[in-house]
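Bear in mind these aren't lab numbers, they're just calculated from the coordinates by the rules spelled out. All figures in this text were calculated on a predicted structure; none of them were measured in a lab. When we count neighbours, we look across all protein chains shown, and the Cβ atoms used for this are built from the backbone with ideal geometry, even at glycine.
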Amino acid sequence: MKQCTHADALPHPEPEALNETCPECLAEGMHPVQLRLCLSCGHVGCCDSSPGRHATEHHKESGHPVMRTFEPGEEWRWCFVDHVLV
């Protein structure tokens, strides 16, 4: 089974969210579908079901490997590099 090779390097505690919603969606006049929190820097971006796919774009631009859901009641994390749940 494939595992995330980046989880051990994540900051503890995790970073504070820089925004309450996706700032790129707001700037572009779009509504984010689901929010994701970058666990390297605290950037909040929308998921791949949103037109902007800003969480993935943040990963591509920054190289930050792991995000977690920023939705109430959800706990999962995703590693963009290893393509696995963390």
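Per-structure values
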quantity	calculated
For the stretch 73-83, Karplus couplings with θ = phi - 60° (6.51, -1.76, 1.60), whole Hz, Gly/Pro x	x, 10, 10, 6, 10, 10, 9, 5, 6, 8, 6
Within-13-Å neighbourhood charge of residue 50 [Cβ basis; K, R +1; D, E -1]	-3
Charge dipole of the chain about the Cα centre (unit charges at C-beta), most positive-ward option of 86, 46, 33	86
Protection proxy ranking, peptides 8-20, 63-75, 33-45, average beta carbon neighbours within 10 Å, highest first	33-45, 63-75, 8-20
Added length on full extension, which subtracts the Cα-Cα distance from 0.36 nm per residue, residue 9 to residue 21	1.8 nm
